[in-house]
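I have placed the structure first, in the form of structure tokens, so that the comments after it can refer back to it.
Quick note: the coordinates plus some simple rules give every number you see, no bench work behind them. Note that the coordinates shown come from a computational prediction; the quantities given were computed from them, not determined experimentally. No Cβ is skipped: glycine too gets one built from the backbone with ideal geometry, and neighbour counts run over all protein chains shown.
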């Protein structure tokens, strides 16, 4: 009877009839409370419908009955990881490995996601002699080395992974290590692997099927080229600089981008029109992903096309912001702050700061300085209240798109930002910008360098891969006191 119910429940789950599956798994447990398969699968359904805490309880109960039940051990580790409970998740990964499962790469990735690349590196290094043919393990080790400012060592790991399994992910990661070493001619062809359909999500860049040929570098004289934006806001702002180069080769260029970017990029140098949707009657000779431009344009040096500004702010919006800023603090120096990026970013724990880390920067400074919070993510009321009590003016809800943000930035004296789209935007506008950088992204230059080759107006303050942000924040605070 129990086996019949269990089989029916599994069939319902496989058919995506989750309500029926839950009812039948519950019936199984009524007959056999120790059925670990039913408990595990109820946990999987709970996780699937956005109830991870319930999933954890089901997995724990299954393991209480059978500590050697591997599916629940692994599912529990993964669910705890998704909840940010890194240490507890690690203990279950370690136990699963002790019992014979090959989860070394996943365990190392857990710590990488938690913003602890040194721990991830140690786990991966310890495991490599045990699993020398595990390509995923070498990839995670490469990521850990790259995040600790060692692109040469990361390159060796990625090449080892590529020899073991020449996958799109291995090639794309190798491209990032080469870009971090300014070896652009080698990197750009490999970087095309980023949108290979075989690449596992969430790493893959996906494009809708377009009816025109993808541009492979053919002559552009007299051609209409559609450039398709990809990846994050900062990526699109950065690579928009290369569009002008396509125009110099004779193309008329339109840019398909995210709605929040369209008003800003509609005025980018070289863009004849920015779109957020394609009209039904659209006609082009070619299309290309935005981040493929330097490769297809034959730009062996990624530092080409560095002239700034290549973006501009709307004059009418600038006037509105100038009036508002004068009302808030007539004659005061005006500084914009961004201390955190989108939490879903894979390196967010390395790049973002807390409000508590930022507030000492503003304390005790010249009262003739006005600080504005440019954080645009939806914040709880108590967080906004803390900003106001600390003397910050939160303006995020007044920034509906990047054109509005550009207009505000144009009227500021200085922008202080972590590695976010705002830092890219301020640099593209040639606004004096102090960027707090984790050193995980090749485009800002070599970690530790005193200048940013990407944007001449940006002054970098680098996170130390061992000690964290303390030194960078101390240096920035001292520079801020000198300036104000």
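A few remarks follow.
- Centre separation in Å (Cα based) which lies between the stretch 415-448 and the stretch 218-255: 22 Å
- Extended-chain gain in nm, criterion 0.36 nm per residue less alpha-carbon gap, residue 285 and residue 163: 40.1 nm
- Ranking of 206, 183 by count of other Cβ atoms within 10 Å, fewest first: 206, 183
- Against the chain, whose longest principal axis is taken from its Cα atoms, helix 135-147 shows a tilt of about 40°.
- Theoretical gain in end-to-end length, residue 397 to residue 130 [0.36 nm per residue, Cα-Cα removed]: 90.9 nm
- The slack between residue 209 and residue 10, meaning 0.36 nm per residue of separation minus the straight C-alpha distance, is 68.1 nm.
- The stretch 1-101 - percent relative contact order, Cα under 8 Å, separation 6 or more: 17 percent
- Residue-averaged 222 nm ellipticity for the chain, from DSSP H runs of 4+ at -39500 (n - 2.57), nearest 500: -14500 deg cm²/dmol
- Computed E for residue 453/residue 98 - FRET, C-beta separation, R0 45 angstrom, nearest 0.05: 0.45
- Residue 156 versus residue 216: modelled label distance in nm, points set 7 Å from Cα along the beta carbon direction: 3.8 nm
- Option label - Cα Rg over 2.2 N^0.38 Å computed here, alternatives (i) 1.51; (ii) 0.98; (iii) 1.10: (iii)
- Antiparallel DSSP beta bridges within the chain, percent to nearest 5: 5 percent
- Taking a ≥ b ≥ c as the square roots of the Cα gyration tensor eigenvalues, the stretch 154-224 comes out oblate, since a/c reaches at least 1.5 and a/b does not exceed b/c.
- Prolate/oblate/rounded label for the stretch 224-296 (Cα gyration tensor, a/c 1.5): rounded
- Cα gyration tensor shape of the stretch 190-268, rounded if a/c is under 1.5, else prolate or oblate by comparing a/b with b/c: oblate
- Euclidean distance of C-alpha centroids, the stretch 318-358 and the stretch 5-53, integer Å: 47 Å
- Rounded to the nearest 5, the antiparallel percentage of DSSP beta bridges internal to the stretch 315-483 is 5%.
- Gap separating the Cα centres of the stretch 119-172 and the stretch 72-116, nearest whole Å: 18 Å
- With each label modelled as a point 7 angstrom along the Cα→C-beta vector, the residue 481-residue 356 pair spans 2.2 nm.
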